[in-house]
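Undergrad: First the structure, then my questions, so here it is.
The values are calculated or read from the model by the stated rules, or taken from the named source; none is laboratory data. Since we're looking at a predicted model, the values are computed, not measured. Counting neighbours? That spans all protein chains shown, and the Cβs are built from the backbone with ideal geometry, glycine included.
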């Protein structure tokens, strides 16, 4: 049996999907992972290429997986979409990410360090959450807070009372929220 050379990881708030493939492209595994077990799973894998879609929490996970000795690549979602073979779900997305990462001409997004990511969050807050530089009234406050927490891999719900409860262990976040 061959060794895993590439793992495509589709990330979400609570449940992640991993798709492992050998250098030949043969599927080695498809695994559903809960957030708390992701690092434990990757610590048990031999160092390999791990690919993720470039999204809010991807930079955090890229840094953490890099610390475990893996080579991490972030792929823009627009470059992953053509590789989805069937209906859009987590399993199909993880497979598409893995396949896209194995292409020789694929372009990748550089992984942001913590300071760069914090600057991005501040910029988005000042711009009102939108790239047009104005306050976006269509995004409720709870969703903004949840999205900002996701940038630092703090999974938060979107409802205000639930955000307050979930943010309590994170003293800096809880102080900043003061809902």
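Residue-by-condition table, conditions (1) in a loop (DSSP other than H, G, I, E, B); (2) crowded, with 17+ Cβ neighbours inside 10 Å:
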| site | (1), (2) |
| --- | --- |
| 17 | no, yes |
| 21 | no, yes |
| 24 | yes, no |
| 29 | no, no |
| 32 | no, no |
| 38 | no, yes |
| 42 | no, yes |
| 45 | yes, yes |
| 50 | no, yes |
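So that you can scan it fast, the table gives a plain yes or no per residue for (1) under 16 Å from the mean Cα position of the chain (by Cα); (2) modelled with pLDDT under 95:
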{"site": "7", "(1), (2)": "yes, no"}
{"site": "19", "(1), (2)": "yes, no"}
{"site": "23", "(1), (2)": "no, yes"}
{"site": "50", "(1), (2)": "yes, no"}
{"site": "53", "(1), (2)": "yes, yes"}
{"site": "83", "(1), (2)": "no, yes"}
{"site": "88", "(1), (2)": "no, yes"}
{"site": "99", "(1), (2)": "no, yes"}
{"site": "103", "(1), (2)": "no, yes"}
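Undergrad: Hey, residue 2 hits all of (1) surrounded by fewer than 18 Cβ atoms within 10 Å (Cβ to Cβ); (2) in a loop (DSSP other than H, G, I, E, B); (3) modelled with pLDDT of 90 or more but one; which does it fall short on?
TA: Unmet condition: (3).
Undergrad: Still on this structure, I have one more. Only one of (1) touching a residue at least 24 places away in the same chain (Cβ under 8 Å); (2) within 21 Å of residue 110 (Cα to Cα) fails for residue 25. Which number is that?
TA: Just one mismatch for residue 25, condition (2).
Undergrad: Can we say residue 74 is in the same structural domain as residue 25 (by TED's automatic domain parsing), within 12 Å of the chain's Cα centre (by Cα) and more than 13 Å from residue 12 (Cβ to Cβ)? Quick ask: steps written out before the conclusion?
TA: On the way: in the same structural domain as residue 25 (by TED's automatic domain parsing): yes; within 12 Å of the chain's Cα centre (by Cα): yes; more than 13 Å from residue 12 (Cβ to Cβ): yes.
Yes: the conditions hold for residue 74.
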